[in-house]
Amino acid sequence: MKQLKWFVVLMLSALVSLTFMGHAVAAEDSEQLAVSFSEKRSIKLDLSIKQAGLKRFRFDSGYTFNYPDAVRGIYLTGHSAGGSRFETLVNLLNETELNAMVIDVKDDHGNLTFKPDESSPFYDIAKNYINDPKEMMAVLEENEIYPIARIVVFKDTVLATKRPDLSFKDGNQVWKNNRQEAFVNPFMKEVWEYNVAIAKYAVEMGFMEIQFDYVRFPEGFERRDDQLTYSQGDYENHELDNVKKRVEAVTNFVEYAKDELADYGVDVSVDIFGYAATVEETPGIGQNFSRISEHVDVISSMIYPSHWTNNYFDIPVPDKEPYRLTVEYSKVENEVLAQLDHQPTSRPWIQDFSAPWLYSGATFIYGKKEVEDQIRALNENGIDEFLLWNSGNVYTEGVDYTPLN
């Protein structure tokens with residue numbers, strides 16, 4: 001029954017009416033399968049759709065968005081997208097060269113940030129942060145703001161709690177990191193299907209791009225590999241060591257997601273640690289920069305200067321030298337991407353926040369100059385797109401986001 005549940009989730013976006021979009025797919029006169037998600041809800045599936053593999057399907061949300069000359073975006077939580085800050089951030093984009101928003105659809109805890117129809121299998125994991133998704137999308141369309149849906153994949157405390165068999169166990173308990181966050185298991189294809197079904201939901205909302213984040217195992221997993229209990233699923237009998245198996249699982253998820261979304265007419269992007277571009281592959285988390293890049297339209301390295309160890313690229317304190325750090329990273333990334341047959345668009349995440357945890361004394365403060373230095377360094381190295389990260393969604397005023405113009 002559990003297997004059927006996630007099959008239903010996978011097929012949902014092509015088969016179920018979305019109340020906030022008003023689109024429906026009519027069932028043909030063919031064999032039907034009814035699956036209950038709760039005592040109150042059931043959904044009928046057309047089995048012929050499964051046989052067709054959902055190919056040749058393209059969804060029209062009813063909204064019109066055009067890809068900008070170059071994406072220059074900011075990040076919004078569900079709270080910001082559905083609250084009073086939304087108007088402020090829309091005004092910021094209207095008054096500057098910024099033109100895109102990355103909005104949480106599935107957040108860092110594993111919750112949807114809006115309430116779908118009660119018949120949805122995602123209803124129980126949803127929060128009402130964005131009260132009116134239709135109105136939000138209409139505002140984005142009216143202001144010509146390019147919409148990108150952020151979906152946090154394998155960091156998912158909600159799903160791990162509901163389905164410990166899809167997570168990692170420490171004894172009899174679901175394992176959590178020191179921030180009390182749980183992860184689900186990238187080896188489990190049910191988890192793949194679950195997240196791609198949510199991605200299709202986002203497409204139907206009107207988003208033009210799906211950005212998958214936390215496409216990885218937990219940090220430091222190589223130190224916990226022998227301590228935690230988990231399934232390797234179909235990878236159990238692969239003739240690979242555990243490091244290579246993790247790389248295969250993460251890469252295969254990205255390839256699967258790109259294939260599943262291919263006929264929806266949207267771009268697929270993945271957030272990835274910046275240092276992944278500087279090594280063959282990350283031993284614990286399973287990220288291989290080149291292999292992931294081969295399967296996406298956009299690769300978004302998180303290159304925040306504060307996140308590099310001291311003396312990386314021979315820079316004593318990278319957080320204090322955002323221009324130099326970004327230049328050195330850009331050179332490496334350009335070299336790696338140039339070797340690929342399929343080169344995605346590079347759109348790094350850059351830093352618009354200060355990092356007091358790095359300093360015992362006065363904190364090096366990020367302001368207008370530091371943000372512009374990162375953008376200038378990218379532009380000078382042929383990278384025209386970027387995304388600004390500030391977890392509180394408060395962005396520096398007065399920044400020139402096209403400093404070379």
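The values are calculated or read from the model by the stated rules, or taken from the named source; none is laboratory data. Owing to the predicted nature of the structure, the values given are computational and were not obtained by experimental measurement. Positions of Cβ are backbone-derived with ideal geometry, glycine not excepted, and every protein chain shown enters the neighbour counts.
Scan the range 290-305 residue by residue and report those that are touching an Asp or Glu at 6+ places or on another chain (Cβ under 7 Å) and surrounded by fewer than 24 Cβ atoms within 10 Å (Cβ to Cβ).
Within the range 290-305, His295, Asp297, Val298, Met302 qualify.
Only one residue in Phe183, Phe168, Phe207, Phe154 is crowded, with 21+ Cβ neighbours inside 10 Å, within 15 Å of Tyr63 (Cα to Cα) and at pLDDT 95 or above. Which one?
None of the other options fit; the residue is Phe207.
Name the one entry in Tyr230, Tyr235 that is in contact (Cβ under 8 Å) with a residue 60 or more places away in the chain, buried (at least 16 other Cβ atoms within 10 Å of the Cβ) and more than 16 Å from the chain's Cα centre (by Cα).
Of the residues listed, the single one that is in contact (Cβ under 8 Å) with a residue 60 or more places away in the chain, buried (at least 16 other Cβ atoms within 10 Å of the Cβ) and more than 16 Å from the chain's Cα centre (by Cα) is Tyr230.
Among the residues of the range 264-319, write down those that are among the β-branched types (Val, Ile, Thr), farther than 15 Å from Leu337 by Cα and in a helix (DSSP H, G or I). Let's see the steps before the verdict.
Of all residues in the range 264-319, those among the β-branched types (Val, Ile, Thr) come to 266, 268, 270, 272, 278-279, 282, 285, 292, 296, 298-299, 303, 309, 315, 317.
Still in the running and farther than 15 Å from Leu337 by Cα: 266, 268, 282, 285, 303, 309, 315, 317.
Result: no residue meets the conditions.
Restricted to the range 359-376, and to residues that are surrounded by fewer than 19 Cβ atoms within 10 Å (Cβ to Cβ) and among the aliphatic types (A, V, I, L, M), which residue is farthest from Asp400 (Cα to Cα)?
Ala362
Matching residues to (1) on the phi < 0 side of the Ramachandran plot; (2) more than 15 Å from the chain's Cα centre (by Cα); (3) among the basic types (Lys, Arg):
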position	(1), (2), (3)
Glu239	yes, yes, no
Arg246	yes, yes, yes
Ala249	yes, yes, no
Leu261	yes, no, no
Asp267	yes, no, no
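Give the number of residues within the range 132-169 that are touching a strand residue (DSSP E or B) at 6+ places or on another chain (Cβ under 9 Å) and assigned to a helix (DSSP H, G or I).
11
Just name the residue that is surrounded by the fewest Cβ atoms within 10 Å (Cβ to Cβ) out of those in the range 171-180 that are assigned to a strand (DSSP E or B) and not polar (S, T, N, Q).
Kept after step one, since they are assigned to a strand (DSSP E or B), are these residues of the range 171-180: 173-174, 176.
Retained after the next criterion (residues that are not polar (S, T, N, Q)): 174, 176.
On the way: Val174: 20, Lys176: 17.
That would be Lys176.
Counting only residues that are of a type in the set (Val, Ile, Thr) and in contact with a helix residue (DSSP H, G or I) (Cβ under 8 Å, 6 or more places away or on another chain), which one in the range 130-151 is surrounded by the most Cβ atoms within 10 Å (Cβ to Cβ)?
Result: Ile130.
Residues that are touching an Asp or Glu at 6+ places or on another chain (Cβ under 7 Å) and either surrounded by fewer than 22 Cβ atoms within 10 Å (Cβ to Cβ) or modelled with pLDDT of 95 or more (or both): does the range 332-339 have at least one?
Among the residues of the range 332-339, not one is touching an Asp or Glu at 6+ places or on another chain (Cβ under 7 Å) and either surrounded by fewer than 22 Cβ atoms within 10 Å (Cβ to Cβ) or modelled with pLDDT of 95 or more (or both), which makes the answer no.
For (1) closer than 27 Å to Glu236 by Cα; (2) among the aliphatic types (A, V, I, L, M); (3) under 15 Å from the mean Cα position of the chain (by Cα); (4) not in a loop (DSSP other than H, G, I, E, B), each residue gets a yes or a no:
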residue: Val191; (1), (2), (3), (4): yes, yes, yes, yes
residue: Ala197; (1), (2), (3), (4): yes, yes, yes, yes
residue: Val203; (1), (2), (3), (4): no, yes, yes, yes
residue: Ile210; (1), (2), (3), (4): no, yes, yes, yes
residue: Val215; (1), (2), (3), (4): yes, yes, yes, no
residue: Glu219; (1), (2), (3), (4): yes, no, no, no
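Select from the range 377-400 the residues that are among the small types (Gly, Ala, Ser) and surrounded by fewer than 18 Cβ atoms within 10 Å (Cβ to Cβ) and list them in ascending order. Walk me through it before giving the result.
Our first condition is that a residue be among the small types (Gly, Ala, Ser); within the range 377-400, this holds for 377, 382, 391-392, 398.
If the condition is that a residue be among the small types (Gly, Ala, Ser) and surrounded by fewer than 18 Cβ atoms within 10 Å (Cβ to Cβ), then Gly382, Ser391, Gly392, Gly398 are the ones that fit.
Give the number of residues within the range 356-401 that are touching a helix residue (DSSP H, G or I) at 6+ places or on another chain (Cβ under 8 Å) and among the polar types (S, T, N, Q).
Qualifying residue count, the range 356-401: 5.
Test Tyr129 against the stated conditions and say whether it is part of a loop (DSSP other than H, G, I, E, B), more than 27 Å from Ala262 (Cα to Cα), out of contact with any Leu (no Cβ under 8 Å at 6 or more places or on another chain) and of a type in the set (Ser, Thr, Tyr).
Yes: the conditions hold for Tyr129.
Out of the range 320-352, which residues are under 22 Å from Val399 (Cβ atoms), assigned to a loop (DSSP other than H, G, I, E, B) and in contact (Cβ under 8 Å) with a residue 40 or more places away in the chain?
Arg347, Pro348, Asp352
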